[in-house]
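Structure first, commentary second.
The values are calculated or read from the model by the stated rules, or taken from the named source; none is laboratory data. Given the structure is predicted, the values throughout are model-derived calculations rather than measurements. Here the Cβ positions follow ideal geometry from the backbone for every residue, glycine too, while neighbour counts run over all protein chains shown. Protein only, heavy atoms only, side chains kept; ligands, DNA and RNA dropped before computing areas. Shrake-Rupley method; radii C 1.70, N 1.55, O 1.52, S 1.80 Å.
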Amino acid sequence: PAKPEAAKPTKRSKVEIIKEKSNFIRYPLNEELLTESPNVNESAVQLIKFHGSYQQYNREERGGRSYSFMLRTKNPSGKVPNQLYLTMDDLADEFGIGTLRLTTRQTFQLHGVLKHNLKTVMSSIIKNMGSTLGACGDLNRNVLAPAAPYAKKDYLFAQETADNIAALLSPQSGFYYDMWVDGEQFMTAEAPEVVEARNDNSHGTNFVDSPEPIYGTQFLPRKFKIAVTVPTDNSVDLLTNDIGVVVVGGGMGRAHRMESTFARIAEPLGYVPKEDILYAVKAIVVTQREHGRRDDRKYSRMKYLLSSWGIEKFRDVVEQYYGKKFEPPRDLPEWEFKSYLGWHEQGDGAWFCGLHVDSGRVGGNMKKTLREVIEKYRLDVRITPNQNIVLCDIKSEWKRSITTVLAQAGLLQPEFVDPLNQTAMACPAFPLCPLAITEAERGIPSILKRVRAMFEKVGLEFDESVVVRVTGCPNGCARPYMAEVGLVGDGPNSYQVWLGGTPNQTQIARAFMDKVKIQDLEKVFEPLFYNWKLGRQAKESFGEFTTRMGFEKLKELISTYEGSPQ
């Protein structure tokens, strides 16, 4: 599409200028990695994100900063080959803080890597079937798909599509391999349809003769998130992504006290035949690349473009890059959240076992035991979007001994895990996240115990649950804006409370109260849980109840509550 003549040069954010001068994400990171200093400069901090790393320091240490780097892997559909799992397990002990973290985007995070060890760690990951390329930065992040290793046509096709979209939108200019393995290429063979879709420029999508045909020198205005799934299976939190196949326009980050920043739920864009999916995805990405804001990063996600244009104009522009009209969206059955915990038949004679991991933190005896089982039986694994782990391809005769060994290390079958824990999520927050305002991962165990105690006090049964998600800042890494109870850090030991999400993650929550101190959670929630038990309709979830009652009524229930009768 013809671009309007620019009347005057538009203002650009600092990061846009850093990207432009970087020689495709190389300079000055390549020089900074060679210095004696334990950290890298501000420009390199921005660039190393594209390589899959964030610079951090321990915010609880006094008297100087001890810098380290967090690495995040890229695992489309959460797939982790046996060799890569064992490598990550070793690297965590040798170069990290002795733990691995499973993320809400089906990847690993490895914390605590020192600058002088970065090249060793990165090259080890690359040489053992892994990658961190594009796990952070202004480009397409890890592509989600259901983690269940079902040998079913629809699941296999969803995972293949996720793999192809990830390949299509992977950087092409070689900066990653130049930096970490001296330019040696470790690319797997790409499907011919991926190469064809990437190179196709019949609708003006590509930068001609650029090392980055889709991204150019500037990449995207901000991060970009895509999920693929099958009907009914909302294990991937589909509506929170920029593109859900076939739904568009999500994104969860916002900023406190900036009413103009918001979380947004996706809306339908249209239907495309399966042979066109890569072209349609590319057209959406290019629309955001060309029209997303690059002056203020707070408003650079695609949801803001969609909000200012509306879905009709957005669709019109995408169709120009796509070269076709979208067909009307197909009706879909209702979404369900699927956890894949416990034992399930894969459909090919083998079994898989989903294991709950609190906040995705694999450490201690659990880490040691997982490694022993994965190594002994040569299992591949999958990471779920709920920070859990799935062991794949298990023979029937191994089931009993595996169950016993795992249980001894605290990796229990789902019937022995509190339902609150099974759906809860938290981001890492303190001590390493530079954005954290208050606790999340370290605080959620006691928060869930207190929620369970309130349930018991007001007479709710053990098998009843609410989706609780906690983040240390408003960026939304644990997707609190889709939770029934979202706690978003807004000050020291204080949270903004969000209510109104649903158990199947199809309704966005709304901000209910600001500055609720951690010690005051019972004052807010006990009256609400009590009245939910008393006044709910048949099968009405807590999120649906809070939406039906309305926030004014809920606040009245809190202020007039005199305690539940014993």
With +1 on each Lys and Arg Cβ and -1 on each Asp and Glu Cβ, and nothing else charged, work out how big the dipole of the chain is about its Cα centre, in Debye to the nearest 20.
1140
On the accessible surface of segment 109-195, probed at 1.4 Å with all protein chains in place, carbon and sulfur together account for a percent value of 53
Fraction of beta bridges assigned by DSSP in the chain that are antiparallel (%, nearest 5)
75
Excluding residues fewer than 8 positions from Lys539 in its own chain, the aspartates and glutamates with Cα under 12 Å of it are Glu464
Which lysines, on any chain, are close to Lys399 with Cα under 24 Å apart, when same-chain ones fewer than 8 places away are left out?
Lys79, Lys152, Lys338, Lys367, Lys368, Lys376
Within segment 286-364, what whole-number % of the accessible surface is contributed by carbon and sulfur, with the 1.4 Å probe and all protein chains included in the calculation?
46
The local net charge around Asp463, scoring Lys/Arg +1 and Asp/Glu -1 for residues other than Asp463 whose Cβ lies under 11 Å from its Cβ, equals -4
Over 26 Å between Cα atoms, which of Lys74/Lys274; Lys11/Lys119; Lys115/Lys303; Lys223/Lys523; Lys395/Lys449 qualify?
Lys11/Lys119; Lys115/Lys303; Lys223/Lys523; Lys395/Lys449
Relative contact order of the chain, please, whole-number percent, based on alpha carbon pairs below 8 angstrom and at least 6 residues apart.
12
The chain accessible area per residue, 1.4 Å probe, protein heavy atoms, integer Å², reads 42
Under 13 Å from Lys49, Cα to Cα: aspartates and glutamates that are on another chain or at least 8 residues apart
Asp138
Within segment 39-111, DSSP-loop GluC sites (Glu not before Pro) with at most 12 other C-beta atoms within 10 Å are Glu60, Glu61
Report the local net charge at Lys79: Lys and Arg +1, Asp and Glu -1, summed over other residues whose C-beta lies under 14 Å from its C-beta.
-1
Compute, for Glu375, the solvent-accessible surface of its heavy atoms (probe 1.4 Å) with the complete set of protein chains present, and express it in square angstrom to the nearest 10.
90
Treat each spin label as a single point 7 Å out from the Cα along the C-beta direction, and report the Asp463 to Asp296 distance in nm.
5.1
Ranked highest first by average number of other Cβ atoms within 10 Å, how do 10-20, 549-559, 299-309, 98-108 line up?
98-108, 299-309, 10-20, 549-559
Where trypsin sites (Lys or Arg not before Pro) fall in DSSP loop in segment 109-165, at most 16 other Cβ within 10 Å
Lys152
List the trypsin sites (Lys or Arg not before Pro) within segment 347-453 that DSSP assigns to loop and that have no more than 11 neighbouring Cβ atoms inside 10 Å.
Arg378, Lys395
If you count the DSSP beta bridges with both ends in segment 466-566, what percent of them are antiparallel, to the nearest 5?
75
